[in-house]
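The values are calculated or read from the model by the stated rules, or taken from the named source; none is laboratory data. In this text, all values refer to a predicted model and were calculated from it rather than measured experimentally. Backbone-built Cβ (ideal geometry, glycine too); neighbour counts: all protein chains shown.
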Amino acid sequence: MAPTNTAEVIPFNRPGLENDELDLLADAIKSGVSSAKGPYSKLASQILIDATDAAEVLLTTSCTAALEMSAMLLDLKPGDNVIVPSFTFVTTALAFQREGATLRFADIERTQLGIDPASVESLIDDRTRAVVPVHYAGIAADMHGLSSVLSDRPDIDIIEDNAHGLFGTYEDKPLGSFGRFSTLSFHETKNFVCGEGGALVINRPEDVTRAHILYDKGTNRREFLLGQVDKYSWVDKGSSFGLSDLLAAYLYGQLRNRESILSKRRAVFDRYQKALTPLADELDFTLPVISADRGQAYHMFYVLLSDKARRDAVLAKLSEGGVRATFHYVPLHSAAGSQFTDMPTECPVTDEISGRLIRLPFFNDLGESDAQRVIEAFVHAAEATL
């Protein structure tokens, strides 16, 4: 199948403008309230609370900031370790290293590319404080397997990096509702965007008060506003984590159009899947696997080629044709992360998957004709590199 000739470049990502985000942003500007915890922050947070059945949701400047808050709330001590997948973005690990934790890098399982419970089990010792599963591509990690591994270790917390998985499910339960905390991303590359933003999802009511203190720069400002103290002051560690209400207004517009956004992304995913499935065996590539117990969030569409050399050749041919596909994570255990671990580990599945994976262009308004052009270009590249 020869690719369609066209000069226009198809980007990997293009943030979507769905409906009334700009009107909401203008209203927030006119209101005179632009700092964190404003009226639009409350509206956006409530949607997320309802979606995850959380005790509280705090909007943050990024998913990184939310991860940093979760690490602070653990009260890590010297010698404590946190287990993270090697196949993830650097800040999944860095947030805990910054709070003094030693890192341990777990491998992923090859079906849905989530953290491998067996690998986690091999890394646990009496100083393990948390495990951080990533719901890769918006498809749930094996939370049942992970819970089984941790069944006799109530002292080990689960913190879900749910940057890809908002509104996804596992066994009909919302992603982000399994751990003590979970974190979300509203970066421009995610399903729901506000330029830069994130959220800390707090699932235990007993963590809410202290989370607000950390969020409010280490002060008990919330108790003051609730009339519980007559003045507020510095009481704990903390930082300036709050998302501007201007960005929250834009985010609120996105979140309240979530059905439309997810429908568009589902259509792109299904179009790729339908077109490429009949060719997978013939052209020697593998498509995403979504188990029946997973309800995916339609964050991306990836393809696994037979080896790294072929993956790189396919990427090059796609780029030559004006299709901006890309690879994904460089394994953390083989990068700078190796200096922050006390237990060097081998992650063979991570190494293999990292070298074989291509992400195809994927965004809300990727139309049928452009998606067809991506499909044709990929098939042509796959045929040419057999």
Restricting attention to region 266-290, which residues are under 21 Å from the mean Cα position of the chain (by Cα), β-branched (Val, Ile, Thr) and under 17 Å from Val374 (Cβ atoms)?
Val268
In contact (Cβ under 8 Å) with a residue 60 or more places away in the chain, farther than 27 Å from Phe181 by Cβ and touching a helix residue (DSSP H, G or I) at 6+ places or on another chain (Cβ under 7 Å) - does that describe any residue in region 5-12?
yes
The correct count of residues that are in contact (Cβ under 8 Å) with a residue 24 or more places away in the chain, assigned to a helix (DSSP H, G or I) and of a type outside the set (Val, Ile, Thr) in region 353-386 is 16
Checking the conditions here, which among Gly197, Gly253 is of a type in the set (Gly, Ala, Ser), in contact (Cβ under 8 Å) with a residue 40 or more places away in the chain and touching a strand residue (DSSP E or B) at 6+ places or on another chain (Cβ under 7 Å)?
Gly197
Sole exception among (1) assigned to a loop (DSSP other than H, G, I, E, B); (2) outside the structural domain of Gly179 (by TED's automatic domain parsing) for Arg271, by number
(1)
Scan region 266-290 and report the pairs whose first residue is at pLDDT below 95 and whose second residue is assigned to a helix (DSSP H, G or I), with Cβ atoms within less than 9 Å and a gap of 6+ or a chain change.
none
For region 81-106, the count of residues that are out of contact with any strand residue (DSSP E or B) (no Cβ under 6 Å at 6 or more places or on another chain) and small (Gly, Ala, Ser) equals 2
Of the conditions (1) in a helix (DSSP H, G or I); (2) free of Cβ contacts under 8 Å to residues at least 12 places away in the same chain, the single one that Pro344 does not satisfy is (1)
Within region 155-182, the count of residues that are assigned to a strand (DSSP E or B), touching a strand residue (DSSP E or B) at 6+ places or on another chain (Cβ under 6 Å) and free of Cβ contacts under 8 Å to residues at least 60 places away in the same chain comes to 2
Residues (at positive phi, within 16 Å of the chain's Cα centre (by Cα) and not aromatic (Phe, Trp, Tyr)) located in region 163-196:
Gly176, Gly195
Ala71: assigned by TED's automatic domain parsing to the domain that holds Ile115 and either aromatic (Phe, Trp, Tyr) or closer than 28 Å to Asp107 by Cβ (or both), yes or no?
yes
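The rows are residues; the columns are (1) over 23 Å from Asp342 (Cα atoms); (2) in contact with a strand residue (DSSP E or B) (Cβ under 6 Å, 6 or more places away or on another chain); (3) outside the structural domain of Ile353 (by TED's automatic domain parsing).
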position	(1), (2), (3)
Gly79	no, no, yes
Ile108	no, yes, yes
Asp116	no, yes, yes
Asp126	no, no, yes
Ser148	yes, no, yes
Leu184	yes, yes, yes
Restricting to region 219-265, name every residue that is closer than 23 Å to Leu184 by Cβ, more than 22 Å from the chain's Cα centre (by Cα) and outside any helix (DSSP H, G or I).
Lys237, Gly238, Ser239
Within region 32-61, tally of residues that are touching a residue at least 40 places away in the same chain (Cβ under 8 Å) and either touching a His at 6+ places or on another chain (Cβ under 7 Å) or assigned to a helix (DSSP H, G or I) (or both)
10
Quick check: is even one residue across region 96-117 surrounded by 24 or more Cβ atoms within 10 Å (Cβ to Cβ) and assigned to a helix (DSSP H, G or I)?
yes
